[in-house]
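Q: Below you'll find the structure I mean.
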Amino acid sequence: MNPGAEWLEADGLGGFASGTVSGVRTRRYHALLLAATEPPCGRFVLVNGFDAWVGRYPISSQRYAPDVTSPDGAGCIESFVAEPWPRWRYRLGDGSTVEQELFVPRDRPAVVLRWHGAGRLRVRPFFSGRDYHALHHENTAFRFEPERRDSRFIWRPYDGVPPIVAVTNGDYAQHPEWYRNFQYDAERERGLDFTEDLASPGVFTWDLSLGPATLLFTTDEEGMPVEPARWAANSAVEAYVVRRGKGKTIVAGYPWFTDWGRDTFISMRGLCKPAEAREILLAWAGLVDRGMLPNRFPDRGSEPEFNSVDASLWFVVAAKEFLQVPEIGRAVQAILSGYSKGTRYGIRADGDGLLRAGESGQQLTWMDARVGNRVVTPRIGKPVEVQALWLDALAIGGPAWRAAFERGLKSLRERFWNEAGGCLYDVVDADHERGKVDASFRPNQIFAVHLLEPDRARRVVDAVESRILTPLGLRTLAPGEPGYCGRYEGGPSERDGAYHQGTVWPWLMGPFIEAWVRVRGGTPESKREARARFVEPLRDRLQFGHLPEIADGDAPHAPRGCPFQAWSLGEFLRVDGSLRG
């Protein structure tokens, strides 16, 4: 049992509960009730956590600055399981045991806590009422006094913040206190502010010998407890497919991402059932503008961000099975037409049939990190994976685009091959200079393997395997290349600088395994070998059903970034399923 391992329970609206096995909150995003007011956006942290005691024994843990843990109930944890929902078993100093379980109902901004055992249980909750990216500090504006309605207690911490509603089968005594200087170690490691003050209005109590204790927190003022008989487990996959308006979308990752175009179209192929995929594609289809889709779904009052060359192309790839749906088919044709004629940021089909893109100061590919005004990997020109996606999109587009496909395919094979390296260039016509190439060894070439002659395809896959493959994914830059960063750590500038300069991305295992099997003929034997060599080691890295966003390029490839990432899990599930078929 890893005390620092993180668990996640999502509500299907963009909100969630999350924390660590030990109970210590290490991130500003760890909370019991984190609700999305405009699903899946407008997130507020309302109930951050709680202290709990059974008799004189603590069954909770808090971390305070400077580096003080008090109380330390983690030492009493006898077992923890994350399925079907998080459950802890504590063995107290007198030999007795207490069980605690946490459940997040689907499609409701709520969390239910339940305790079983014997003795007097006391629970003191910690509230904030802040934006989920922010931190909370002691102030005179916080409203401690609740409204009381039968078994419900309703707090309205600040104007413009959702209410905190508690429903319980226990007793409550008002005893307001500020708890100061909670310390979030993961935030400190990321070079960010890491201390917070939380408000605690009072204490809930139960006599566990009389039966289980239940405490529900929600934003619904009419909310009632969800009985255990009606609890239904939420799978890891279900965490990412959430509601947006009357439709569905995909949250790119927890705890800090919402829904993004590129991530959505890549993730959905492994995460979504056909009906869900159709619904999501329809929601995006109406946003095509000059051939482009925004890379972020516009929230109310915000402008769409058309800052991705590949998001629209990934839409076409994801839409392949839905072209008969009129709105989706029209969106595909609009994308191909817009890109062919030319659109924002210099994106247009060139005379060689390839797709050029990019302007100074803009990051348009999936390698989109920037430090201040510096784009770390600008990749202006003709990036290799963009060409692969462009050719795939032309092929999907039908007979009208066949000639454009053939012209682009010929150019790809002629212009990207790097004989000396036995691989593909990462960018040709770099910086829009005819003939200039970027020979950096990166994973993007893996997306073009299916478009190459068999001998070259095999050489590319072998080179990728030998130079940038790790058990958790592909490095974004080969060790030994100029600018390689083997550790994703430090403050925001250091981390952003390393993001695509050697850092490992698990989602790239999907296209790599697909290409590896392809160049070996797609035989049953190659599929079995791929499962043993690549899929099973990656399965061993699953944490409570999830995979992280990134990992260090250097061994032992420690997980980094967002701990629960949609396209990491989606691509794992997609390729795992394809090898079973």
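The values are calculated or read from the model by the stated rules, or taken from the named source; none is laboratory data. Source: prediction; values computed, not measured. Cβ atoms come from the backbone with ideal geometry, glycine included; neighbour counts cover every protein chain shown. What goes into the accessible areas is simple: the full protein's heavy atoms, side chains included, and nothing from ligands, DNA or RNA. Shrake-Rupley method; radii C 1.70, N 1.55, O 1.52, S 1.80 Å.
Q: Which condition from (1) more than 26 Å from ALA229 (Cα to Cα); (2) open to solvent by less than 30 Å² (accessible area, probe 1.4 Å) is the one that PRO125 breaks?
A: PRO125 satisfies all of (1) more than 26 Å from ALA229 (Cα to Cα); (2) open to solvent by less than 30 Å² (accessible area, probe 1.4 Å) except (1).
Q: What is the one condition in (1) open to solvent by 10 Å² or more (accessible area, probe 1.4 Å); (2) touching a strand residue (DSSP E or B) at 6+ places or on another chain (Cβ under 6 Å); (3) of a type outside the set (Gly, Ala, Ser) that ARG518 does not satisfy?
A: Here ARG518 clears every test but (2).
The rows are residues; the columns are (1) free of Cβ contacts under 8 Å to residues at least 12 places away in the same chain; (2) assigned to a helix (DSSP H, G or I).
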| residue | (1), (2) |
| --- | --- |
| SER493 | no, yes |
| PRO511 | no, yes |
| VAL517 | no, yes |
| GLY522 | yes, no |
| ARG533 | yes, yes |
| PRO548 | no, no |
| LEU569 | no, yes |
| ASP576 | no, yes |
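Q: Which of the residues that make up the stretch 426-448 are crowded, with 20+ Cβ neighbours inside 10 Å and either more than 25 Å from ALA369 (Cβ to Cβ) or basic (Lys, Arg) (or both)?
A: Passing the criteria: only ARG442.
Q: Can you tell me which of GLY253, GLY245, GLY223 is of a type outside the set (Ser, Thr, Tyr) and touching a Cys at 6+ places or on another chain (Cβ under 6 Å)?
A: From the options GLY253, GLY245, GLY223, the qualifying one is GLY253.
Q: Something else about it: Can you say whether ASP392 is surrounded by fewer than 23 Cβ atoms within 10 Å (Cβ to Cβ), over 25 Å from the mean Cα position of the chain (by Cα) and not in a loop (DSSP other than H, G, I, E, B), as far as the supplied structure shows? Before the answer, list the steps.
A: Details: surrounded by fewer than 23 Cβ atoms within 10 Å (Cβ to Cβ): yes; over 25 Å from the mean Cα position of the chain (by Cα): yes; not in a loop (DSSP other than H, G, I, E, B): yes.
In short, yes.
Q: OK, next. Has the stretch 453-467 got any residue that is in a loop (DSSP other than H, G, I, E, B) and open to solvent by 10 Å² or more (accessible area, probe 1.4 Å)? First the steps, then the outcome.
A: From the stretch 453-467, those in a loop (DSSP other than H, G, I, E, B) are 453; that's our starting set.
From the residues that got through so far, the ones that are open to solvent by 10 Å² or more (accessible area, probe 1.4 Å) too are 453.
The answer is yes; a qualifying residue exists.
Q: Working only within the stretch 330-359, note down all residues that are in contact with a strand residue (DSSP E or B) (Cβ under 8 Å, 6 or more places away or on another chain) and part of a loop (DSSP other than H, G, I, E, B). Steps first, answer last, please.
A: Filtering the stretch 330-359 down to residues in contact with a strand residue (DSSP E or B) (Cβ under 8 Å, 6 or more places away or on another chain) leaves 335, 338-350, 354-358.
Once the filter is applied, which keeps residues that are in contact with a strand residue (DSSP E or B) (Cβ under 8 Å, 6 or more places away or on another chain) and part of a loop (DSSP other than H, G, I, E, B), the stretch 330-359 yields GLY342, THR343, ILE347, ASP350, LEU354, GLY358.
Q: Another question about this same structure. Condition (residue is of a type outside the set (A, V, I, L, M), surrounded by 14 or more Cβ atoms within 10 Å (Cβ to Cβ), modelled with pLDDT under 95 and touching a Ser or Thr at 6+ places or on another chain (Cβ under 9 Å)) applied to the stretch 128-149: is it met by at least one residue?
A: No: the stretch 128-149 contains no residue that is of a type outside the set (A, V, I, L, M), surrounded by 14 or more Cβ atoms within 10 Å (Cβ to Cβ), modelled with pLDDT under 95 and touching a Ser or Thr at 6+ places or on another chain (Cβ under 9 Å).
Q: When the stretch 1-54 is examined, which residues are found to be in contact with a Leu (Cβ under 8 Å, 6 or more places away or on another chain) and in a loop (DSSP other than H, G, I, E, B)?
A: GLY15, ARG28, PRO39, PRO40
Q: State the number of residues belonging to the stretch 528-581 that are closer than 21 Å to ARG495 by Cβ, open to solvent by less than 10 Å² (accessible area, probe 1.4 Å), more than 13 Å from the chain's Cα centre (by Cα) and among the aliphatic types (A, V, I, L, M).
A: Here the count works out to 1.
Q: In addition: How many residues does the stretch 236-261 contain that are outside any strand (DSSP E or B) and either open to solvent by 10 Å² or more (accessible area, probe 1.4 Å) or aliphatic (A, V, I, L, M) (or both)? If you could, list the steps in order and put the result at the bottom.
A: Step one: of the stretch 236-261, the residues outside any strand (DSSP E or B) are 236-240, 245-246, 251-252, 255-259, 261.
Now drop any that are not either open to solvent by 10 Å² or more (accessible area, probe 1.4 Å) or aliphatic (A, V, I, L, M) (or both), which leaves 236-239, 245-246, 251-252, 256-258.
So the count comes out to 11.
Q: Across the stretch 312-359, which residue is most open to solvent (accessible area, probe 1.4 Å) among those that are under 23 Å from ARG269 (Cα atoms) and free of Cβ contacts under 8 Å to residues at least 24 places away in the same chain?
A: So the first thing to find is which residues in the stretch 312-359 are under 23 Å from ARG269 (Cα atoms), and the list is 312-336.
Cutting the leftovers down to free of Cβ contacts under 8 Å to residues at least 24 places away in the same chain gives us 324, 326, 329.
On the way: GLN324: 135, PRO326: 76, GLY329: 15 Å².
Residue satisfying both the conditions and the ranking: GLN324.
Q: Testing ALA319 on (1) within 30 Å of ARG495 (Cα to Cα); (2) within 24 Å of the chain's Cα centre (by Cα); (3) at pLDDT 95 or above, one condition comes back false. Which one is that?
A: All conditions pass for ALA319, except number (1).
Q: Being touching a Ser or Thr at 6+ places or on another chain (Cβ under 7 Å), modelled with pLDDT of 95 or more and open to solvent by 10 Å² or more (accessible area, probe 1.4 Å) is true for just one of ARG278, ARG269, ARG290. Which residue is that?
A: Values: ARG278 fails: touching a Ser or Thr at 6+ places or on another chain (Cβ under 7 Å); ARG269 fails: touching a Ser or Thr at 6+ places or on another chain (Cβ under 7 Å).
Only one candidate qualifies: ARG290.
Q: Hey, among the residues in the stretch 117-155 that are of a type in the set (A, V, I, L, M, F, W, C) and assigned to a loop (DSSP other than H, G, I, E, B), which one's nearest to GLY42 (Cα to Cα)? Steps first, please.
A: At the first step, the residues of the stretch 117-155 found to be of a type in the set (A, V, I, L, M, F, W, C) are 118, 121, 123, 126-127, 134-135, 141-142, 144, 153-155.
Within this subset, residues satisfying the condition of being assigned to a loop (DSSP other than H, G, I, E, B) are 118, 134-135, 141-142, 144.
Numbers: ALA118: 40, ALA134: 13, LEU135: 16, ALA141: 21, PHE142: 20, PHE144: 23 Å.
Looking at the filtered set, the residue picked out is ALA134.
Q: For the stretch 480-510, how many residues meet the condition of being in contact with a Pro (Cβ under 8 Å, 6 or more places away or on another chain) and either surrounded by fewer than 16 Cβ atoms within 10 Å (Cβ to Cβ) or farther than 18 Å from THR377 by Cβ (or both)?
A: So the count comes out to 1.
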